[in-house]
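Participant: Here you go, one structure.
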Amino acid sequence: MPRIKLEGVSKSFGKITALEQVNFEMQDGEYITILGPSGCGKTTLIKIVAGIWTPTEGRVLVDNKDITNTPMEERDLGYVFQNIILFPHMNVKDNAGYSPRVKGLSEKQIEERSSSAMELVGVLEQQGYLPNELSGGAQQKASLARAIASKARLLLLDEPLSALDARVRVELRYALRRLVKDLNLTAIHVTHDQDEAMSVADRVVIMRKGKIVEIGEPTQLYNQPRTLFTANFVGQSNFLEGTVQLVENGNAAVELRGERFLKVANTGFSIGDPVVLAIRPEHLTLSPEERPNTLRSKIEESRFMGPYTRYRLRAETGDELLVDLPTTEAKVADGSSASVHFNPDFILSYTRPSQGLTEALRLE
């Protein structure tokens, strides 16, 4: 299995910079997802790893060997595209056996590889079908079988599930991870779907405007994101701007607009520092009366989300807040007043960005 390393990789198309000084390394057997908004450079990155495009600057290394200018067909990889690409005149079996046939293997070897690959992805019983006779999910499974039958060391997945129905996407994402782990492959999976990225990856690469913002395990990126952008892009967060007014025993009192204060645990900031506080909607609770560390608020809207109900409130500071409560506990009416309680242990604090909060959170 390969170890992939990108050193100072940049890619420009005329005056447009798609990637800028990307440095990244993944280990043997890792399942990596690259996540980011549209136009952030994630597809450009995977195409450079694949050899479809050559970087304007920088190097791509596999097991410490420079393959920056190595043609795609010599890189020993399997590629599954966003738009399902199968040979329309070939049935599933012949599509799966295409790579070993091109490599000049014997008919017996072709049969063994294609049958094994089709069985792994669950299309063995459909081996005689043409692509137009298959559902979207079965077509993508056939594409996976073709990639697997090549016996590639590296599997590249470029938005592989985006063309499928929601239910099929969920089923296939878990099948993909099991497949990669069972075969001991190294995989890079590009997606714009947060749930998809977080549920299958060992580590997630967050990208924005051609740069890597943050890399981490899914739980770390959700619970302890190091950047405001990640806190906003992965999941949902509430953001409040303020200034540290008191620091005591590792805790801080942060003054918000309207001379309201919140206690925050373990900030690491000093008195006078401008900060942004972030907290997930599920870490907020509603109370009919004031408690310590609360903001008086008015409920503007509630939305039933199945297992939870999402409340949108306007706090006395003027900030909009989202609060998620289990639906069984959601009994607060729209238009009513409530106090939003902030647990200090779940509040994250960041240096207030010089360019402004709106710009720091902007997706494009």
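The values are calculated or read from the model by the stated rules, or taken from the named source; none is laboratory data. Please read these numbers as outputs of a predicted model, since none were measured by experiment. So basically every Cβ, Gly included, is an ideal-geometry build from the backbone, and we count neighbours across all protein chains shown.
Participant: Is it true that some residue in region 73-89 is basic (K, R) and out of contact with any Ser or Thr (no Cβ under 8 Å at 6 or more places or on another chain)? Spell out how you get there, then give the answer.
Facilitator: Step one: of region 73-89, the residues basic (K, R) are 75.
Now drop any that are not out of contact with any Ser or Thr (no Cβ under 8 Å at 6 or more places or on another chain), which leaves 75.
Yes, there is a match, as at least one residue in region 73-89 is basic (K, R) and out of contact with any Ser or Thr (no Cβ under 8 Å at 6 or more places or on another chain).
Participant: While we're here: Do any residues in region 209-225 that are at negative phi and modelled with pLDDT of 95 or more have Cβ atoms under 7 Å from those of residues that are of a type in the set (G, A, S) and buried (at least 19 other Cβ atoms within 10 Å of the Cβ), where the two are at least six apart or on different chains, and which pairs are they?
Facilitator: Going by the 7 Å Cβ cut-off, the qualifying pairs are P218/A201; P225/A231.
Participant: If you don't mind, another one. So which residues in region 38-79 are out of contact with any helix residue (DSSP H, G or I) (no Cβ under 9 Å at 6 or more places or on another chain) and among the hydroxyl-bearing types (S, T, Y)?
Facilitator: Answer for region 38-79, where residues must be out of contact with any helix residue (DSSP H, G or I) (no Cβ under 9 Å at 6 or more places or on another chain) and among the hydroxyl-bearing types (S, T, Y): S38, T43, T44, T56, T70.
Participant: Between K65, K47, K108, which is in the same structural domain as A138 (by TED's automatic domain parsing) and under 27 Å from the mean Cα position of the chain (by Cα)? Quick ask: steps written out before the conclusion?
Facilitator: Values: K65 fails: under 27 Å from the mean Cα position of the chain (by Cα); K108 fails: under 27 Å from the mean Cα position of the chain (by Cα).
Within the list K65, K47, K108, the selection yields K47.
Participant: Within region 180-229, how many residues turn out to be more than 20 Å from T43 (Cβ to Cβ), part of a helix (DSSP H, G or I) and among the β-branched types (V, I, T)? First the steps, then the outcome.
Facilitator: Here is the first cut: in region 180-229, the ones more than 20 Å from T43 (Cβ to Cβ) are 181-185, 199, 202, 216-228.
Next, from what is left, pick out any that are part of a helix (DSSP H, G or I): 181-182, 199, 218-223, 228.
Still in the running and among the β-branched types (V, I, T): 219.
Selection size over region 180-229: 1.
Participant: A further question on this structure: Within region 122-133, restricting attention to residues that are at pLDDT 90 or above and closer than 21 Å to Q82 by Cβ, which residue is surrounded by the most Cβ atoms within 10 Å (Cβ to Cβ)?
Facilitator: Only one residue tops the list, namely P131.
Participant: Also, I was wondering about something else. Confirm whether K108 is surrounded by fewer than 19 Cβ atoms within 10 Å (Cβ to Cβ), charged (D, E, K, R) and not in a helix (DSSP H, G or I). Spell out how you get there, then give the answer.
Facilitator: Values: surrounded by fewer than 19 Cβ atoms within 10 Å (Cβ to Cβ): yes; charged (D, E, K, R): yes; not in a helix (DSSP H, G or I): no.
Considered against the rule, which asks whether it is surrounded by fewer than 19 Cβ atoms within 10 Å (Cβ to Cβ), charged (D, E, K, R) and not in a helix (DSSP H, G or I), K108 comes out as no.
Participant: Among the numbered criteria (1) of a type outside the set (D, E, K, R); (2) at negative phi; (3) modelled with pLDDT under 95, which single criterion is violated by N64?
Facilitator: With (1) of a type outside the set (D, E, K, R); (2) at negative phi; (3) modelled with pLDDT under 95 applied to N64, the lone miss is (2).
Participant: Filter region 253-289 for residues that are small (G, A, S), farther than 16 Å from S237 by Cβ and under 32 Å from the mean Cα position of the chain (by Cα) and give the result. Steps first, answer last, please.
Facilitator: To start, the set of residues in region 253-289 that are small (G, A, S) comprises 253, 258, 265, 268, 270, 272, 278, 287.
Filter once more, keeping what is farther than 16 Å from S237 by Cβ: 253, 258, 265, 268, 270, 272, 287.
Of everything in region 253-289, those that are small (G, A, S), farther than 16 Å from S237 by Cβ and under 32 Å from the mean Cα position of the chain (by Cα) turn out to be A265, G268.
Participant: Within region 118-164, how many residues turn out to be within 27 Å of the chain's Cα centre (by Cα) and assigned to a helix (DSSP H, G or I)?
Facilitator: Count: 15.
Participant: Would region 323-337 turn up any residue that is modelled with pLDDT under 95 and touching a helix residue (DSSP H, G or I) at 6+ places or on another chain (Cβ under 8 Å)?
Facilitator: Taking every residue of region 323-337 in turn, none turns out to be modelled with pLDDT under 95 and touching a helix residue (DSSP H, G or I) at 6+ places or on another chain (Cβ under 8 Å).
Participant: With respect to the numbered conditions (1) surrounded by fewer than 17 Cβ atoms within 10 Å (Cβ to Cβ); (2) assigned by TED's automatic domain parsing to the domain that holds K11; (3) not polar (S, T, N, Q), which one is the sole condition not fulfilled by E248?
Facilitator: Result: E248 passes all but (2).
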